[in-house]
Amino acid sequence: QVQLVESGGGLVQPGGSLRLSCAPSEHISDISTMGWYRRAPGKQRELVATIFRSGNTHLPDRMKGRVTISRDIAKNTVYLQMNSLKAEDTADYYCNIVGGTPARNYWGQGTRVTVSS
């Protein structure tokens, strides 16, 4: 069974940066979307960023200017660059990939980001 492996989380000071990575344990064909979600303590899961097959991206307004999503198609890998981190960015970040034949919705196990001084 394909698993998504996330990395790059950790403790960072306010104003700092982190780059998260996510790659599947096996190649996923025909990927339509790759994205990142997060769940902060006591809150619902929310979208952080999505990148589509076309290469277009979607970021909620609250993420614009601080977050960049990118991918390496050959490696089936999606990245999330986060800058100017704030305490409220503290959350578990989850990778999501939609792809395969038939299409499936894959989720990572989550990587924790803690923004604290």
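Read-outs throughout are calculated quantities, based only on the coordinates presented, and are distinct from any laboratory measurement. These numbers come from a predicted model, not from an experiment. Note that each Cβ is placed from the backbone with ideal geometry, even for glycine, and that neighbours are counted across all protein chains shown.
The table for this structure:
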quantity: Simple spin-label estimate for S7 and R104 in nanometres, 7 Å along Cα-Cβ; calculated: 2.3
quantity: Computed label-point distance, nm, for sites E46 and K75 using a 7 Å Cα→Cβ extension; calculated: 2.9
quantity: Residue of M63, M34, M82 that the Gaussian network model of the chain assigns the largest fluctuation, springs spanning Cα pairs under 10 Å; calculated: M63
quantity: Highest-MSF residue in the chain out of S54, S17, S32 [GNM, Cα springs under 10 Å]; calculated: S54
quantity: Spherically averaged projected area in nm², based on the convex hull that wraps the Cα atoms of the chain; calculated: 6.9
quantity: Calculated P(r) of the range 2-46 - Cα pairs past 13 Å, %; calculated: 70
